[in-house]
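Take a look at the structure set out below.
Since every read-out is calculated from the coordinates, none of them should be taken as a lab result. In this text, all values refer to a predicted model and were calculated from it rather than measured experimentally. Cβ sites come from the backbone with ideal geometry, for glycine too, and all protein chains shown count toward neighbours.
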Amino acid sequence: LLLYFFFVFFVLLFFVFKVSVFFFFFFFKQKTAYEMLRSLVGSEMCIRDRGSTMTKGTTSFGKRHNKSHTLCRRCGRRSYHVQKKTCAGCGYPAAKIRGYNWSRKALGRKTTGSGRCR
């Protein structure tokens, strides 16, 4: 019944008085905390503002449940990208094993003599 009343009121305003639609929606716009400044206490304004901030911490980490990398069949590490079908660690399926001179420690871990040394 209330919605019907507002609809009839809107039609009357628009057709009889030729009032623009913009004025109608501006008049009934929901007010923000800063527009209702006098009726809110300072702590209430902080509570209202808290909902619009973006969180980067614990709540965001809870949404990470898709695996982009899986186990590589050459190096055994969890660095084989499923969509790209390449390993970030060893470069599989390329013939040469991936290695760069800017990473001296990684080269030392992978070179000859770094295995079981039987």
Task: Distance histogram for the range 59-111 (every C-alpha pair counted, 5 angstrom bins, percent rounded to whole numbers) - done: 4, 19, 22, 20, 15, 9, 7, 3, 0
TODO: Place the peptides 75-88, 98-111 in order of packing, highest mean first, counting for every residue the other Cβ atoms within 10 Å and averaging per peptide.
DONE: 75-88, 98-111
